[in-house]
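Novice: My questions will all concern the structure given below.
The values are calculated or read from the model by the stated rules, or taken from the named source; none is laboratory data. Fair warning: this is a prediction, and the values are worked out from it, not measured in the lab. Every residue, glycine among them, receives a Cβ derived from its backbone with ideal geometry; neighbour counts consider all protein chains shown. The protein model used for the area step is the full one, side chains on, heavy atoms only, and it has no ligands, DNA or RNA in it. Shrake-Rupley method; radii C 1.70, N 1.55, O 1.52, S 1.80 Å.
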Amino acid sequence: MRVRAVRGAIVVPEDLEASVHAATRRLLGPLLEQNEIATDDLISILFTATDDLTSAFPAEAARRMGLGGVPLLCAREISVVGAMPSVVRILMHFHSERPLDRVVHVYLDGAESLRDDFGEP
């Protein structure tokens, strides 16, 4: 097994606890499914949120999904002039036999424009 990392991001429609949690779940699901990651293969998950998202911790959504045994950490995304607002980002570390070129990064609900270098799968 090798250690791999996958990235993802999603735009949260409004700064409400329910919206932050729903968007985080919506992003975590495809990251886990498309990369065939079992909970036991997870090493850690880092969540960042932009300055305008203050109503909830994205990691709380992961705990509610049953990922409470995985080390989870939330941090503030650095504030850059002109950066996209209302974004939750994820960096997930996991064990896998999957080659690097088969790791599927997931960007949803407007966040796709953050990483146009991934191209089509």
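Novice: Suppose every Lys and Arg Cβ carries +1 and every Asp and Glu Cβ carries -1, with no other charges. What dipole size does the chain come out with about its Cα centre, to the nearest 20 debye? Walk me through the intermediate numbers first.
Specialist: On the way: 12 positive and 18 negative charges, 75 e Å.
Once rounded to the nearest 20, the dipole reads 360 debye.
Novice: Here's a follow-up. Taking all protein chains in place and a 1.4 Å probe, what share, in percent, of the accessible surface of the chain do carbon and sulfur account for? Working shown, then result.
Specialist: Working: 3590 of 6750 Å².
The value for the chain is 53 percent carbon and sulfur by accessible area.
Novice: Cβ under 13 Å from ALA61's Cβ, ALA61 left aside: what net charge do those residues give with Lys, Arg +1 and Asp, Glu -1?
Specialist: Working: positive: ARG25, ARG26, ARG63, ARG64; negative: GLU17, GLU60.
Around ALA61, the surrounding residues sum to +2.
Novice: Then there is this: Might you tell me the accessible area per residue for the stretch 55-114, computed with a 1.4 Å probe and given in Å²? Before the final figure, lay out the partial values.
Specialist: Working: 3380 Å² over 60 residues.
I get 56 Å² per residue for this part.
Novice: Taking Rh as the Kirkwood radius computed over C-alpha pairs, what is the Stokes-Einstein D of the chain at 37 °C in a medium of viscosity 0.692 mPa s, expressed in µm² per second?
Specialist: Estimated diffusion coefficient is 226 µm²/s.
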